[in-house]
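Structure record follows, encoded as structure tokens.
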Amino acid sequence: MERNARTVTKRKGAGFVSSIELRHVRKCYENKNTVIEDMNLVIPDGSFTVLVGPSGCGKSTTLRMIAGLEEITSGDLLMDGVRMNEVDPGHRGIAMVFQNYALYPTMSVRKNIEFGLVNAKVPKDEIARRVKDISEIVGLSEYLDRRPSQLSGGQRQRVALARAMVKQPQVFLMDEPLSNLDAKLRTQMRTELIALHQRLGTTFVYVTHDQTEAMSMATKIVLMNKGEIQQAAEPLTIYGDPVNRFTAQFIGTPTMNVFPVADIPGAARLALPANAHYLGFRPSRGLVLREGMTPASHDLVFDATIAIHEMMGSEIIYQAKAAFGTVQFKTFNQAEIPVGEKIKLMVERASMYLFDENENRVRS
């Protein structure tokens with residue numbers, strides 16, 4: 001089943017919020033540094049919403065305001081339509097998983113998982129049942145008597161997840177929880193988090209600077225920059241239909257090629273809209289012109305020289321020098337093109353993205 005089309009089955013009687021909503025939320029610090037100016041955002045119930053963007057864009061601050069760890073300067077935070085601005089973090093029905101796991105090193109895995117329930121005076125038999133169930137879900141049953149120092153990074157991350165899950169929260173908040181793991185383990189844990197979300201049906205709000213994590217895990221991506229939401233949509237929409245140049249170049253690997261229209265030789269014959277100031281195309285849409293291929297009249301064709309190539313198995317990523325700049329493109333299941341070889345590249349008119357002088361999308 002495709003990630004964006006899936007349905008989530010909810011547990012009966014779990015007390016889920018219908019949504020999280022931020023209305024005209026502003027966040028300023030005492031030094032008058034404004035991190036968030038005017039945020040309006042709805043996080044749907046049961047979604048896996050990922051806040052993504054460069055460092056310092058305000059995504060972690062947004063997460064901490066939802067959690068109640070940061071005060072909102074002005075505006076409203078609502079859960080299930082109820083204003084939560086002054087509600088203590090412990091009464092918001094939220095569990096948070098941090099980047100550094102925040103485990104107690106002298107406690108066993110079992111004690112770490114049950115710690116919050118013991119403090120909340122949950123009955124012992126209920127604690128035992130929950131710890132057993134959650135440990136089975138995250139694959140920790142055989143490690144319950146070990147200490148965190150005896151576990152791998154991935155196992156410690158599972159303990160942090162289990163400690164959050166055992167509280168049966170309405171919302172999981174995760175602040176770059178995989179950033180301390182190696183590449184292989186991050187991939188594995190992404191898969192496990194997707195499966196966990198599908199199983200629990202709970203609202204996940206996840207912060208990352210890694211657009212690969214956002215694209216692979218989210219049902220909804222909220223892309224931020226300098227405290228503002230650039231676009232909020234499903235992953236395929238953000239990738240295929242970006243609303244501005246920032247979104248177009250942040251999402252996608254390698255990044256989208258974008259050049260001033262005025263710098264591209266022959267751009268006049270492309271019949272572009274008058275307000276098209278920049279022209280972009282995905283590296284996967286740069287086609288090497290070969291014998292038998294006939295460009296249409298409004299396709300872009302230009303000369304380029306291969307400068308660098310990266311072998312990625314069935315895919316090869318190239319950098320090529322053109323008259324108007326360095327272009328990245330890909331080939332799939334094709335023979336390697338040697339460095340220094342001169343080629344012609346073609347971009348079909350339907351594959352072009354256009355942006356105005358303010359870098360907003362121009363649709364034609």
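The values are calculated or read from the model by the stated rules, or taken from the named source; none is laboratory data. Model, not experiment: these values are computed from the prediction. Virtual Cβ from ideal backbone geometry, glycine too; neighbours counted across all protein chains shown.
For the residues Ser284, Ser314, Ser297, the requirement of being among the hydroxyl-bearing types (Ser, Thr, Tyr) and closer than 21 Å to Gln211 by Cβ singles out Ser284. Restricted to the stretch 322-357, and to residues that are in contact with a helix residue (DSSP H, G or I) (Cβ under 9 Å, 6 or more places away or on another chain) and assigned to a loop (DSSP other than H, G, I, E, B), which residue is surrounded by the fewest Cβ atoms within 10 Å (Cβ to Cβ)? Applying the filter and picking the extreme gives Ala323. Within the stretch 13-64, restricting attention to residues that are out of contact with any Gly (no Cβ under 7 Å at 6 or more places or on another chain) and of a type in the set (D, E, K, R), the residue that is modelled with the lowest pLDDT is Lys32.
Among the listed residues Pro265, Pro295, Pro254, which satisfies the condition of being out of contact with any Cys (no Cβ under 9 Å at 6 or more places or on another chain) and either in a helix (DSSP H, G or I) or in contact (Cβ under 8 Å) with a residue 60 or more places away in the chain (or both)? None of the others qualify; the one that does is Pro254. Out of Arg282, Arg245, one residue alone is more than 17 Å from the chain's Cα centre (by Cα), charged (D, E, K, R), buried (at least 21 other Cβ atoms within 10 Å of the Cβ) and more than 28 Å from Glu21 (Cα to Cα). It is Arg282.
From the list Leu77, Leu117, the one residue that fits, being within 27 Å of the chain's Cα centre (by Cα) and assigned by TED's automatic domain parsing to the domain that holds Leu193, is Leu77. Just one of (1) in a strand (DSSP E or B); (2) surrounded by fewer than 17 Cβ atoms within 10 Å (Cβ to Cβ); (3) touching a Gly at 6+ places or on another chain (Cβ under 9 Å) fails for Val87. It is (1). A count restricted to the stretch 273-292 and to residues that are under 20 Å from Phe332 (Cα atoms) and in a strand (DSSP E or B) stands at 3.
Being assigned to a loop (DSSP other than H, G, I, E, B) and touching a residue at least 40 places away in the same chain (Cβ under 8 Å) is the filter; apply it to the stretch 28-55 and report the residue that is nearest to Glu86 (Cα to Cα). Show your work before the answer.
Our first condition is that a residue be assigned to a loop (DSSP other than H, G, I, E, B); within the stretch 28-55, this holds for 29-33, 45-47, 53-55.
From the residues that got through so far, the ones that are touching a residue at least 40 places away in the same chain (Cβ under 8 Å) too are 45-47, 53-55.
Working: Asp45: 22, Gly46: 24, Ser47: 25, Gly53: 28, Pro54: 29, Ser55: 28 Å.
Taking the candidates together, the pick is Asp45.
Within the bounds of the stretch 75-97, is there any residue that is more than 15 Å from Val171 (Cα to Cα) and in contact with a Lys or Arg (Cβ under 7 Å, 6 or more places away or on another chain)? Yes, the conditions are met somewhere in the stretch 75-97.
When we screen Pro169, Pro235, Pro148 for residues that are more than 28 Å from Cys28 (Cα to Cα) and within 12 Å of the chain's Cα centre (by Cα), the only hit is Pro235.
Here are Gln168, Gln157: which of them is out of contact with any Gly (no Cβ under 7 Å at 6 or more places or on another chain), more than 25 Å from Ile251 (Cα to Cα), in contact (Cβ under 8 Å) with a residue 40 or more places away in the chain and outside any helix (DSSP H, G or I)? Steps first, please.
Values: Gln157 fails: outside any helix (DSSP H, G or I).
Being out of contact with any Gly (no Cβ under 7 Å at 6 or more places or on another chain), more than 25 Å from Ile251 (Cα to Cα), in contact (Cβ under 8 Å) with a residue 40 or more places away in the chain and outside any helix (DSSP H, G or I) holds for just one of Gln168, Gln157, which is Gln168.
The residues of the stretch 179-216 that are in a loop (DSSP other than H, G, I, E, B) and either at positive phi or among the hydroxyl-bearing types (Ser, Thr, Tyr) (or both), listed by number, are Ser179, Gly201, Thr202.
Number of residues in the stretch 210-242 that are surrounded by fewer than 18 Cβ atoms within 10 Å (Cβ to Cβ), at pLDDT below 95 and touching a strand residue (DSSP E or B) at 6+ places or on another chain (Cβ under 8 Å): the value is 1. Filtered by the rule that a residue be within 16 Å of Ala233 (Cα to Cα) and of a type in the set (Asp, Glu), the stretch 18-67 gives Glu21, Asp45. Listed conditions (1) in contact with a Lys or Arg (Cβ under 9 Å, 6 or more places away or on another chain); (2) surrounded by 13 or more Cβ atoms within 10 Å (Cβ to Cβ) are all met by Pro105, apart from (2). For Ile251, the stated conditions do not hold, so it cannot be described as β-branched (Val, Ile, Thr) and over 30 Å from Asp356 (Cβ atoms).
Checked against (1) basic (Lys, Arg); (2) assigned by TED's automatic domain parsing to the domain that holds Ala323; (3) modelled with pLDDT of 90 or more, Arg269 passes all but a single condition, namely (3).
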